[in-house]
Amino acid sequence: MSARVALATAARILRQLRRDHRSLALVLVVPPVLLALMRWVFQGQPGAFERVGPPLVGMFPLILMFLVTSIAMLRERTNGTLERLMSMPLAKIDLLLGYGLAFAAVAALQATVTAAVAFTVLGLETQGAIWLVVLLAMANAVLGMALGLLVSAFARSEFQAVQFMPAVIMPQFLLAGLMAPRSEMARPLEVLSDFLPVTYAYQALVTVTATTDLGASFWRDIAVITFAIVLSLVLGALTLRRRTA
Amino acid sequence: MTQPAAASSASEAAPDREADDAIVVRDLRVRRGQKVVLPGVSIRVRAGTVTGLLGPSGCGKSTLMRAIVGVQIVEGGEVTVLVLPAGTPDLRRRVGYVTQIPSVYPDLSVGENLGYFARILDVPSARITASIQAVGLEGQRDQLVETLSGGERSRASLAVALLSEPQVLVLDEPTVGLDPLLRADLWRTFHDLAAGGTALLVSTHVMDEAERCDDLVLMREGRIVASGTPPALLEKAGATTIEEAFVALAVTP
């Protein structure tokens, strides 16, 4: 492990992102705009936006970082920089840590802007502290990044990489309890959702935004998210090969 | 199957290991899917020389180079670089590698690219300036790589490989698309590095570059056709140009 490599990589990724003004604007503007749109859409259903809105604030980074990572990694593979890095003295985990640090920082910014708009302009309320929502958003960003890294190994083109979002992330969102409570789903779906990391990411955000008391189930959710991040990072690291065919 | 002359001259190319051998490849076999890309290649590259790897595209030059750098999955044989097995962690700082595609970040400037890789390699920042100077990109230091010409991009990629002052430099077609003056400059840089003790293995399919090499390895369809110094090869083939020698040696049974 080397902090030098991880920090240099994080700084490099953030510098690349800062150059890309349009992407940066989309990262910061799209989530609050979508939330505002949702509020409008749910106008006829009292309570619906108030229920789904607060946890969603912390869920956006998961989708975004999944997409960004899978494409960024694919680019590193196709432009030869990944092979160059693999031929240099660096540990794979440091490269991944660099990615994680950079995207967690972006997620912090994104979640702060989204939370600011959601909890003031849009009138949403959270029982727990806003910083806790932002912290969970950062964890979700790292989870999204780890999952994106893993699937990028299976994508041969950016076109394929983008398709993995609806394939891997959308079903998890549908089953996480966001659309319908998990207890009201068909039993097989409820059981399936027990094995999907996004379920726990959503539950933790529901707990933080709807209650002030973080019970044992919250810490279990955090443990599952952490386990999912570590597992995907380890599997993702296995897909970074020093030798290829 | 009868053994072609290629095989016997290939074994001549790798006699017993000598003290100044920077790269020794013995019976290297590489298979990609069903296709045998390298059926059993042996070469050696001496320290302090520029060795040219000459052959048409698709003959296995890049695969051989990848095996030497240690990024190629090999089926058999032995690849030794600086007395260590290729791909050993210890070699990652001592071997520089430049692929055909410039492996640099297009959305960063030349200086930023070198700055990042310098941090990864943990070399002092003075090396950044020295490497940029060696490839003649001082004027483009603050320019984004994506705005550079093809030749400038390859040179930026070469500069990254020079950062750690490697003892072995493996360059895959580094002069493609360069204007003749720059090409001459770059070859001068290669010989300067060789004079400092570096072993360079440079692939090319441009025959006139062959004359600039200290040693030559002629390759065709995954096999070594012949190897030796340019004058020795000319004499052996009874030819006046390397191109003629290549043809003569490739068809002689």
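Each listed q (0.12, 0.13, 0.14 Å⁻¹) maps to a log10 I(q)/I(0) for chain A, found by the Debye formula over equal Cα scatterers with no solvent: -0.69, -0.81, -0.93. When you count the other C-beta atoms within 10 angstrom of each residue and take the mean per peptide, B:75-81, A:25-31, B:38-44 line up highest first as B:38-44, B:75-81, A:25-31. Positive end of the dipole of chain A (Cβ unit charges, origin at the Cα centre): among A:96, A:112, A:211, the Cα lying farthest that way belongs to A:96. In terms of Cα atoms, the Rg and Dmax of segment B:76-158 work out to 14.5, 46 Å.
Among the protein heavy atoms, those of residue A:232 account for about 10 Å² of accessible surface (1.4 Å probe, every chain in place).
Residue by residue along B:111-119, Cβ atoms of other protein chains within 10 Å of the local Cβ number 4 on average. What shape does chain B take by its C-alpha gyration tensor, where a ≥ b ≥ c are the square roots of the eigenvalues and a/c under 1.5 counts as rounded, a/b above b/c as prolate, and the rest as oblate? Prolate is the answer for chain B, as a/c is 1.5 or above and a/b outweighs b/c.
By accessible area, using a 1.4 Å probe on protein heavy atoms only, segment A:3-238 has 70% of its surface on carbon and sulfur. Summing both sides, how much accessible area is buried between B and A? Use a 1.4 Å probe and give Å² to the nearest 100. Using a 1.4 Å probe on protein heavy atoms, the buried area is about 2800 Å². For chain B, the dipole from Cβ point charges (+1 on Lys and Arg, -1 on Asp and Glu) about the Cα centre works out to 680 debye, to the nearest 20.
Ranking A:42, A:29, A:86 by Cα position along the charge dipole of chain A, where only Lys, Arg, Asp and Glu carry charges on their C-beta atoms, puts A:86 farthest toward the positive end. Rounded to the nearest 20 debye, the dipole size of segment A:3-238 about its Cα centre is 760 debye, using +1 on the Cβ of Lys and Arg and -1 on the Cβ of Asp and Glu. Calculate what fraction, in whole %, of the accessible area of chain B sits on carbon and sulfur atoms when a 1.4 Å probe is rolled over the protein chains. Here it works out to 51 percent. Rolling a 1.4 Å probe over the heavy atoms of the protein chains gives the protein assembly as shown an accessible area of 45 Å² per residue. The charge dipole of the protein assembly as shown, taken about its Cα centre with unit charges on the Cβ atoms of Lys, Arg (+1), Asp and Glu (-1) only, comes to about 880 debye.
For residue B:35, give me every one of the lysines with a C-alpha distance below 20 angstrom, ignoring sequence neighbours fewer than eight places off in its own chain. Those lysines meeting the cut-off are B:61. For the protein assembly as shown, the Stokes-Einstein estimate of translational diffusion at 10 °C and a viscosity of 1.306 mPa s comes to 63 µm²/s, using the Kirkwood hydrodynamic radius over alpha-carbon pairs.
Ordering of A:212-223, A:62-73, A:46-57, B:51-62 by packing is A:62-73, B:51-62, A:46-57, A:212-223, highest average first (other Cβ atoms within 10 Å, averaged per residue). Taking every C-alpha pair closer than 8 Å and separated by at least 6 residues, the mean separation divided by the residue count of chain A gives a relative contact order of 27 percent. Contact residues in segment A:68-84 (at least 40 Å² less accessible area with all protein chains than alone, 1.4 Å probe): A:79, A:81, A:83, A:84. Note on segment B:73-222: dipole from Cβ charges, positive end direction compared against B:86, B:123, B:148; the farthest Cα belongs to B:123.
The alpha-carbon of residue B:236 sits under 12 angstrom from the alpha-carbons of these aspartates and glutamates, leaving out residues fewer than 8 places away in its chain: B:244. Look at the alpha carbon pairs under 8 Å that are at least 6 residues apart: their mean separation over the length of chain B gives a relative contact order of 27 percent. Shielding of peptide B:64-70 by partners, expressed as the average count of other chain Cβ atoms within 10 Å per residue Cβ, is 2. Each stretch of four or more DSSP H residues adds -39500 (n - 2.57); spread over every residue of the protein assembly as shown, this sum gives -17000 deg cm²/dmol at 222 nm.
The values are calculated or read from the model by the stated rules, or taken from the named source; none is laboratory data. In this text, all values refer to a predicted model and were calculated from it rather than measured experimentally. Heads up, the Cβs are rebuilt from the backbone with ideal geometry, glycines too, and the neighbour counts pull from every protein chain shown. Please note that ligands, DNA and RNA were not included when accessible areas were found on the heavy atoms of the full protein model with its side chains. Shrake-Rupley method; radii C 1.70, N 1.55, O 1.52, S 1.80 Å.
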